[in-house]
Amino acid sequence: MLRIIRSAEGSDTLQIIFTTDEYGNIGEEKTIKKGIETGNLLYYYDNKSRLTDIVRYNTRARKLLPDIMFEYDEIGRVIQKITTTSSLHMGYLIWRYIYDNNGLKIKEAVFNKDKQITGKIEYSYTYGQ
């Protein structure tokens, strides 16, 4: 895949190469810019092939650490997502989701690492006749 960003100064192209695991899920993502590998992500799944973690090597910690972690309810809907931030003082964000009986998302809220709410969205749906 190519990601091309065009601006007044020109364009910038990033090549993204995906490889799959033994089950056909995306297992690894490599980014290449001007022939040099610039990033690498690993994707982990549970036994139901649901994405659980997106991980990268952290040079400061000198080990693999998750960027994003997902949790699911008993019927397979994402109910929580934890994402890291580039800000050292924020650390990570916790996103929580609530669904109605039709499986439609009706609420989502984001919390900081101290579990204080920092934002929320409420959805409503209108059904036509």
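Please treat every number below as a calculation from the coordinates, not as lab data. Quick caveat, the model's predicted, so the values are computed rather than measured. Cβ placement follows ideal geometry from the backbone for every residue including glycine, while neighbour counts extend to all protein chains displayed.
A few points about this structure:
- Size of charge dipole - region 28-119 - debye, nearest 20, with Cβ of Lys, Arg +1 and Asp, Glu -1, no other charges: 380 debye
- Segments 108-121, 3-16 sorted - mean Cβ within 10 Å per residue, highest first: 108-121, 3-16
- Among [x] 2, 9, 18, 19, 20, 15, 8, 5, 2, 1, 1, 0, 0; [y] 2, 10, 19, 20, 17, 10, 5, 4, 3, 3, 3, 2, 1, 0, 0; [z] 2, 8, 13, 15, 16, 16, 15, 10, 4, 1, 0, 0, the entry derived from the coordinates for P(r) over Cα pairs in 5 Å bins from 0, in percent: [z]
- Toward the positive end of the charge dipole of region 1-102, with +1 on the Cβ of Lys and Arg and -1 on the Cβ of Asp and Glu, the farthest Cα among I98, T20, G39 is that of G39.
- Close Lys pairs in the chain, defined as Cα atoms under 17 Å apart and 8 or more places apart or on different chains, number 8.
- Förster radius 22 Å - calculated FRET efficiency between K33 and Y57, Cβ distance, rounded to 0.05: 0.80
- In this structure, the amide hydrogen of I106, modeled 1.01 Å from its nitrogen in the peptide plane, lies closer than 5 angstrom to those of I98, Y99, D100, counting only residues at least 5 positions away or on a different chain.
- Spin-label model distance (nm) - T126 vs Y45, 7 Å beyond Cα toward Cβ: 4.0 nm
- Neighbour-count order for E122, E22, fewest beta carbons within 10 angstrom listed first: E22, E122
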